[in-house]
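K.L.:
I have a structure here, written as structure tokens, and I will follow up with some questions on it.
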Amino acid sequence: MPKVKVDGVEIEVPQGATVLQACELAGKEIPRFCYHERLSIAGNCRMCLVEVKPGPPKPQASCALPAAENQEIFTNTPMVKHAREGIMEFLLINHPLDCPICDQGGECDLQDQSVAYGRGHSRYDENKRAVTEKYMGPIVKTVMTRCIQCTRCIRFAEEVAGVEEIGAIYRGENMQITSYLEEAVTSELSGNVVDLCPVGALTSKPYAFEARPWELRKTLTIDVMDAVGTNIRLDSRGRQVLRAVPRVNDDVNEEWASDKTRHAVDGLVRKRLDRPYVRRDGKLHAVTWDEAFAAIAAVDHGGSVAAVAGDLVDCETMFAAKALLASLGSSLLEGRQTGMDYDTSSLAAVNFNTTIAGTEEADAILLVGTNLRWEAPLVNTRIRKAIKKGAKVFAIGPETELTYKVEWLGADLSVLGNLPERVSEAFGKAAKPMVIVGGAALKGAHGAALGLVETLGLVKQGWNGFNVVHMAASRMGGLMLGYAQKAGIFALYDAKLTFFLGADECDHARFTGFKVYVGHHGDRGAHHADVILPGASYAEKSGTFVNLEGRVQRGERAVFPPGDAREDWTIFRALSERMGRTLPFDTLDELRAAMALDCPELATLGLKTFGWSAPSLGTTAEGVLDGYPIKDFYLTNAICRASPTMQRCSAELVHGESFAEAAE
């Protein structure tokens, strides 16, 4: 490991580190615009200049210069200060004076660094150039006159998103950043370029002119749009969430978020349930809470009570419902609302055992019935990183574009029992083999996929390469709490009283008994309900969620629910009292304590590991996969379906509709 001196202080840096990284290890702040820790080095903004000895007597770009033994690095000499002032002056030659109307104001790298490292005045009086706006779709708003050509967006699209649809045209002063043919960027991760842009050239179109960052209340929570468990921050003003942005968590989402995570939040204030309803004479009528509870308590259920957990519910809600059902003498709990009935006797057999971050280390990967690009976009980006390290990827299922090179083995599940020799050979050489089973194959090929554990040597010392990818934020938490019947959801159809916990994706017409919907949006579940109890969305309550790798995480409340809506667990607590089965908790802390006794894995936050004991299942897989569970990435749940932004994304990016842009 090389030893270098940074402003006279000697430090040791890792082999291959750059001078910029060495300076950061020494605690020195180095300004930059084009450099980003998760992207390749471009070296084109020149803001990170430092003085290095031995070397030429001039400032050098620290982001592209390797740290070497016995280097002396100076970050605050007059030469460096003068050079940075000059670079900043050049960057501002054509930059417009848009700060008062720019959405980046208050969190703009150019603002901050011009104050810290600029001259304070400009010597240029020539006319500034102007660049026409570029269309990048319904997510990203462009004002390309502000662009300083750092190329972060280009490198992100190519290296992380895997969609090479953003690039540069022309040269020199005439260079412009644009999307391919100025059409919408088709990546489900396109919103990340807004965070990456160090100026106001790329901003959020749905959030445009909504608020300034200092007006917003910031709340740390967990995303529920998929099962990845993306760490996010909700920014709210008053009782409305205005935007969601990702938080850094290298074990889960790094610092990225999908477009659905970012922009479905405008659905939180639309189509909301804000008062209880009871169905009378075929029509829903607004009632008081007492009347709604009375209608439920009057049902003669005889202990035949069921609960169906939706995709977005937290563990506290599921536990409260489970406790109520237990007091009524029932254990009819199910969370797999779409009809999947895979074996859950071993949680390790339905877990993403390799972990999300561990995916990068795999050197041979087999995808079985999964479109990862839509089911778990941030797991898909990890596979791209594994491929850059030399991993080979094979897939069974209908061919689709996953943003990387895949060898497709057909859509017939029988291939699992007779893998081609080239696949067996690749896995035989692999030190860290990996299989990922998706929802399309889980129902009919769970046993056959588990048979690959021994065939391909997936489980070994320090490595478990068998993985199941779930698509619902509530799925792993529900399985840990027992929301699974051996016969699947079919076992619940004849229950005399059924609670739907935000369950909108199941076939409600198949349920023959009294239906109670506890949720936050007037979606499919509410349309079939006999009683509607308005609950809180993930942004309106503190909740525990378990992601697809078994990581227990907790989100906090950002805003309050609208109208008479209440947090879901409090609804079950109040209902239990009306039904004469009062639950033994009055506060959230008491509920969590009771939940920890029932399921000790939920007592503490962090990654849980499940002992490997695969269930004994038949290893024969038959049938041909004709599609994947997610048909439309942007409309997978009630919040998304209420979101104008997600509806626009679906229409334009999935269904190919064209939209005319008004001239500005």
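K.L.:
Each label point is 7 Å from the Cα along the Cα-to-Cβ direction; what then is the distance between the points at Ala491 and Glu657, in nm?
P.N.:
Those two pseudo-labels are separated by 4.2 nm.
K.L.:
Greater than 18 Å separation of Cα atoms is the criterion. Which listed pairs, Lys443/Lys486; Lys3/Lys388; Lys322/Lys515, meet it? List each step's numbers first, then the result.
P.N.:
Details: Lys443/Lys486 12 Å; Lys3/Lys388 29 Å; Lys322/Lys515 16 Å.
Going by Cα-Cα distance, Lys3/Lys388 fall outside the 18 Å limit.
K.L.:
Further question: Could you work out the longest stretch of the chain that avoids the chymotrypsin sites (Phe, Trp or Tyr not before Pro) located in DSSP loops with at most 10 other Cβ atoms within 10 Å? Walk me through the numbers before you get to the answer.
P.N.:
On the way: sites that count: Tyr170, Phe209.
It runs 210-664.
K.L.:
Counting other Cβ atoms within 10 Å of each Cβ, which GluC sites (Glu not before Pro) in segment 138-171 have at most 14 and sit in a DSSP loop?
P.N.:
Within segment 138-171, the qualifying GluC sites (Glu not before Pro) (loop, at most 14 other Cβ atoms within 10 Å) are Glu164.
K.L.:
Sticking with this structure for a sec: Quick check: residue separation of Leu220 and His527 times 0.36 nm, minus the Cα distance between them. What number comes out in nm?
P.N.:
That pair, Leu220 and His527, stretches by 107.3 nm at full extension.
K.L.:
Calculate the spin-label point distance for Arg510 paired with Leu97, positioning each point 7 Å from the Cα along the beta-carbon direction, and give it in nanometres.
P.N.:
In this crude label model, Leu97 to Arg510 measures out at 6.6 nm.
K.L.:
Calculate the FRET efficiency for Met79 and Val269 from the Cβ-Cβ distance with a Förster distance of 51 Å, rounded to the nearest 0.05.
P.N.:
0.40
K.L.:
Still on this structure, I have one more. Which links in Lys218/Lys608; Lys5/Lys389; Lys260/Lys541; Lys28/Lys389; Lys392/Lys429 stretch past 23 Å when you go from one Cα to the other?
P.N.:
Result: Lys218/Lys608; Lys5/Lys389; Lys28/Lys389 exceed 23 Å.
K.L.:
Using a basic spin-label model with each label point 7 Å from the Cα along Cα→Cβ, how many nm lie between Asn418 and Ser122?
P.N.:
7.1
K.L.:
Out of all DSSP beta bridges in the chain, what portion is antiparallel? Express it as a percent rounded to 5.
P.N.:
Once the DSSP bridges in the chain are tallied, antiparallel ones form about 60 percent.
K.L.:
For Lys460, list the aspartates and glutamates whose Cα falls under 16 Å from its own Cα; do not include residues on the same chain fewer than 8 positions away.
P.N.:
Within reach: Glu361, Asp363.
K.L.:
Between 0 and 90 degrees, rounded to the nearest ten: what's the tilt of helix 439-455 against the longest Cα principal axis of the chain?
P.N.:
Rounded to the nearest ten degrees, it is 70.
K.L.:
If you take the Cα atoms of the chain, find Rg, then find the Kirkwood Rh from the mean of 1/r over all pairs, what is Rg/Rh?
P.N.:
1.01
K.L.:
Over the chain, what is the relative contact order in percent, taking alpha-carbon pairs closer than 8 angstrom and at least six residues apart? Walk me through the numbers before you get to the answer.
P.N.:
Details: 1428 pairs, mean separation 94.4, N = 664.
Value for the chain: 14 percent.
K.L.:
May I ask you to list the trypsin sites (Lys or Arg not before Pro) in segment 570-664 that are in a DSSP loop and have at most 13 other Cβ atoms within 10 Å of their Cβ?
P.N.:
Details: sites: Arg573, Arg578, Arg581, Arg592, Lys608, Lys631, Arg641, Arg648; in loops: Arg581, Lys608, Lys631.
For trypsin sites (Lys or Arg not before Pro) across segment 570-664 that sit outside H, G, I, E and B with at most 13 neighbouring Cβ atoms in 10 Å, the list reads Lys631.
K.L.:
A follow-up question, please. For segment 271-423, calculate the relative contact order in percent as a whole number, restricting contacts to Cα pairs under 8 Å that are 6 or more residues apart.
P.N.:
13
K.L.:
Another question, then. Given a Förster distance of 45 Å, report the FRET efficiency between Phe90 and Val624 from their Cβ-Cβ distance, rounded to the nearest 0.05.
P.N.:
Working: r = 60 Å, r/R0 = 1.34.
Computed FRET efficiency for Phe90 and Val624: 0.15.
K.L.:
May I pose another question? At 222 nm, what helix-only mean residue ellipticity would the chain give, in deg cm²/dmol to the nearest 500, using -39500 (n - 2.57) for each DSSP H run of four or more?
P.N.:
Details: 18 runs with 151 residues, N = 664.
The helix-only estimate for the chain comes to -6000 deg cm²/dmol at 222 nm.
Since every read-out is calculated from the coordinates, none of them should be taken as a lab result. All of these numbers come straight from a predicted model, not from anything done at the bench. Here Cβ is always computed from backbone atoms with ideal geometry, including for glycine, and neighbour counts include all displayed protein chains.
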